[in-house]
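Before any comments, here is the structure.
The values are calculated or read from the model by the stated rules, or taken from the named source; none is laboratory data. Everything quoted here is computed from the prediction, not taken from an experiment. Ideal geometry is used to build each Cβ from the backbone, glycine not excepted, and the neighbour counts take in all protein chains shown.
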Amino acid sequence: MTAVATTERRLMEGSEAIADAAIAAGCRFFAGYPMTPFTELLEYLAEKLPAVGGVCINAESELEAVGMAWGALATGARAATGSTGQGLSLMQESFSEITLAELPLVVFNMARGQQDYFQATRGGGHGDYRHIVLAPLDIAEAVELTQLAFHLADRWRNPVLVYGDYLLAHTHEAVSVEPVSFPALPPKDWAVDGSRGGSGDSRLVTPLGLGKHGHEAPGIERHLRTITAKLTDIEREEQRVETAFCDDAETVVVAFGTPAKFVRYVVNQLRDEGEKVGFVRPITLWPYPSEAVAEATAGARTDAVFELCAGQMIDDVRLAVLRRAKIVGIGGISTDGSGFGVGPLLDAEVIRDRVVAVHRGGAGAELPPLPVNERG
Amino acid sequence: MSTEPTGPVLDTTSAPDHARKVADLKPDLLLSQEHHMCPGCGEPLALRVYLEALQELGVAQRSIMVAGIGCYTAFTSTVDVDLVQALHGRAPSVATGAKRMRPDAVVFTLQGDGDMVNEGLQEVLHTAARGEKVTCILLNNGVFGETGGHMTATSVLGQRTKNSLDGRDAEYHGYLILIGDLIARLQGAAYVARGSVHNAGAVARTKRMFRRAFKTQLHGEGFSFVEVLTMCPTGWFIPTGDGPDYMHETLGEVHIMGELKVDGVVKTTEELHDENVAHQREVEGALERGGLDR
């Protein structure tokens, strides 16, 4: 794969720099539908992808754009889609299932403000899924995080969303698109190229936990639990955060994305004036850097959350700060063989054992193992 | 390609000890004959002919199937072809992405009428209009079989379903969509055909349609589409054995069988009628001679 990148520093619109970064990361397929302020990213990719042997389709709707990316991903290509939060609302059903199919989708949200925090971190789709969410501060960081997005998507076989906005997409900055090196990834031994028909070894890319006849398949319950376990690993390993001046801060301001650059400027200014103000910037919105936020705010009198919406990330700050509360989940995934019904966890005896475990041992108690659906 | 499957081969070195039926022979591209379809279902017949067509064209080792969601989804584990499971209605877009990244592969979707004509109508229309070099296969039984017999956008007027108990009424439920006819009028569609599996002649004819559709894709001529009318006695609430006749007399009278578009030329309903009469004569003649040219 030839990495095509603009290595010289030049004045570039954010959308163009992100398009170049995606191509430098090996993205060869993009499908999108115009919507402000995302449109320019689509324009640049429509111009630049064919020049490197890639494909950019002007999809007839967001639903079709994400479906096209799904098909390209299934063949092992690096592929992406994007829109604003409004357009991404239309893609949520596919986002859920692409996550369950473990396909490495990269999504760009050039959001209208920061109102899509819940959509990005909780998702508007069905099921137990999360996307890794990277929120760049400016264009230079977006160039790095865009490339990281493709790497993480492949590493975890899980979608990654890059959360940008109008400022990121439309501001011009002098930047260079340097290709970033990442550790080697395992081969995509799950991708379909059409070559295995009739061999008895053909492949199946599915969100349903099924396999081809005669090959071992997890079944839906085990498949869903495997995904959950993977999300726990991501949560442990992929948190990214920037903090400043928090040791003695009386007030800590938490912000993300391009508004965080303004907040950081203000905090620096106040520090220069001798005010004890600190700064925390989650770079990954999921997994949320809860430990770091809790630590950074531990000595503060006030935790202030600045976001360009009615208040969405503030929930995660509250959760981070309150994380030592004695709350523990005692449920879990449990389905019948079809995935349509309920499994053996919904049983009074089983529930009783789990209630008793935490009643005796507290929130840190070891829970009895989840019962397994014997009928697979 | 020496490992290319060769198709069912009958041993003719000695006289058979019993009569063989087509149903006894498993297509090579099927890993198992086990399935959970209802008795009288037409979908396994359609499955057989498109798998045989793929094999006979020698493209089994360069094929990617994209499955929709319906009863036929159960075949995703047993079809021995590289396969991507799509969401309900969304297979044509998934096929588009796969084809653009693997232009040498034969990429085709398998969808039902609920999947394609209800949930995903815009997907198949846009894919056809774009002239995307994929093949979309529609198994049309005019009913949501998997949920237990509910009205779809292709249910014919008068058809009883669980949510049109007194029969589909145009005034109340609206009219149906003749999807093949609609697609045939799109510039990007190169080959459009509507077959059926209600008798042996129709099965043989449908197989020819699959071959032509896949060839259309292989030659890069544009979008190809094969609609297959399939029996669903369970979803039609009729005795199993009545399926083929019921299909012929209800769906078959409205969704007219035949090649709707060949080499860019759209055929009229009258032309299709004439072809069907000629085909019927051919079948009857062949049966009198004792066999059908499959």
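If you go through the range A:184-200 and pick out every residue that is without any contact (Cβ under 8 Å) to a residue 12 or more places away in the chain and either part of a strand (DSSP E or B) or closer than 30 Å to residue A:139 by Cβ (or both), you end up with 1.
When residue B:62 is tested against (1) surrounded by fewer than 24 Cβ atoms within 10 Å (Cβ to Cβ); (2) out of contact with any Asp or Glu (no Cβ under 8 Å at 6 or more places or on another chain); (3) more than 22 Å from residue A:208 (Cβ to Cβ), only condition (2) is not met.
Matching residues to (1) touching a Leu at 6+ places or on another chain (Cβ under 6 Å); (2) in contact (Cβ under 8 Å) with a residue 12 or more places away in the chain; (3) among the hydrophobic types (A, V, I, L, M, F, W, C):
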| position | (1), (2), (3) |
| --- | --- |
| B:238 | no, no, yes |
| B:250 | no, yes, no |
| B:266 | no, yes, yes |
| B:273 | no, yes, no |
| B:288 | no, no, no |
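Would you please name the residue that is farthest from residue B:132 (Cα to Cα), looking only at residues in the range A:55-85 that are more than 10 Å from chain B (Cβ to nearest Cβ) and small (Gly, Ala, Ser)? Per the stated criteria, the residue is A:85. A residue that is surrounded by fewer than 24 Cβ atoms within 10 Å (Cβ to Cβ) and more than 7 Å from every other protein chain (Cβ to nearest Cβ) cannot be found anywhere in the range B:93-100.
Enumerate the pairs (first residue in the range A:357-376 and outside any loop (DSSP other than H, G, I, E, B); second residue anywhere and small (Gly, Ala, Ser)) with beta-carbon separation below 9 Å, excluding pairs fewer than 6 apart on the same chain, so at least 6 apart or on different chains. Going by the 9 Å Cβ cut-off, the qualifying pairs are A:357/A:365; A:358/A:364; A:358/A:365; A:359/A:365.
Taking the options A:278, A:329, A:299, name whichever one is farther than 24 Å from residue A:228 by Cα and exposed (fewer than 15 other Cβ atoms within 10 Å of the Cβ). Going through A:278, A:329, A:299 in turn, the sole match is A:299.
Residues in the range B:28-50 that are in a loop (DSSP other than H, G, I, E, B) and in contact with a strand residue (DSSP E or B) (Cβ under 9 Å, 6 or more places away or on another chain) were compared, and the one that is farthest from the other protein chains (Cβ to nearest Cβ) is B:42. Comparison of B:89, B:112 shows that the only residue that is more than 7 Å from chain A (Cβ to nearest Cβ), touching an Asp or Glu at 6+ places or on another chain (Cβ under 6 Å) and not hydroxyl-bearing (Ser, Thr, Tyr) is B:89. Checked against (1) under 27 Å from residue B:127 (Cα atoms); (2) among the aliphatic types (A, V, I, L, M); (3) without any contact (Cβ under 8 Å) to a residue 12 or more places away in the chain, residue B:179 meets all criteria but (3).
This table checks each residue for (1) crowded, with 16+ Cβ neighbours inside 10 Å; (2) at positive phi.
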site	(1), (2)
B:183	yes, no
B:204	yes, no
B:208	yes, no
B:219	no, no
B:222	yes, yes
B:226	yes, no
B:234	yes, no
B:272	yes, no
B:281	no, no
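Scanning the range A:97-146 for residues that are among the hydroxyl-bearing types (Ser, Thr, Tyr) and over 27 Å from residue A:71 (Cβ atoms) yields a count of 1.
If you take just the strands (runs of 3 or more DSSP E) that sit entirely in the range A:13-129, which of them hold at least 2 residues that are within 26 Å of residue A:255 (Cα to Cα) and out of contact with any Leu (no Cβ under 9 Å at 6 or more places or on another chain)? Steps first, please.
Numbers: elements: A:29-32, A:55-58, A:79-83, A:106-111.
The strands (runs of 3 or more DSSP E) meeting that bar number zero.
Within the range B:51-79, how many residues are part of a strand (DSSP E or B), within 8 Å of chain A (Cβ to nearest Cβ) and under 17 Å from residue A:199 (Cβ atoms)?
3
Residues in the range B:163-181 that are over 25 Å from residue B:44 (Cβ atoms) and either surrounded by 24 or more Cβ atoms within 10 Å (Cβ to Cβ) or of a type in the set (Gly, Ala, Ser) (or both): B:164, B:167, B:170, B:174. Checked against (1) in contact with a Lys or Arg (Cβ under 8 Å, 6 or more places away or on another chain); (2) surrounded by 24 or more Cβ atoms within 10 Å (Cβ to Cβ); (3) without any contact (Cβ under 8 Å) to a residue 60 or more places away in the chain, residue A:91 meets all criteria but (1).
Exactly one residue out of A:176, A:195, A:199 is more than 14 Å from chain B (Cβ to nearest Cβ) and either at negative phi or not aliphatic (A, V, I, L, M) (or both), and it is A:176.
Evaluation of residue B:127 against the conditions (1) crowded, with 24+ Cβ neighbours inside 10 Å; (2) out of contact with any Asp or Glu (no Cβ under 8 Å at 6 or more places or on another chain); (3) of a type outside the set (A, V, I, L, M, F, W, C); (4) free of Cβ contacts under 8 Å to residues at least 60 places away in the same chain shows that the sole unmet condition is (4).
Scan the range A:47-76 and report the pairs whose first residue is surrounded by fewer than 24 Cβ atoms within 10 Å (Cβ to Cβ) and whose second residue is modelled with pLDDT under 95, with Cβ atoms within less than 6 Å and a gap of 6+ or a chain change. Note: pairs meeting the criteria are A:52/A:4. Taken over the range A:201-217, the criterion of being in a loop (DSSP other than H, G, I, E, B) and either free of Cβ contacts under 8 Å to residues at least 24 places away in the same chain or more than 32 Å from the chain's Cα centre (by Cα) (or both) is satisfied by A:201, A:202, A:203, A:210, A:211, A:212, A:213, A:214, A:215, A:216, A:217.
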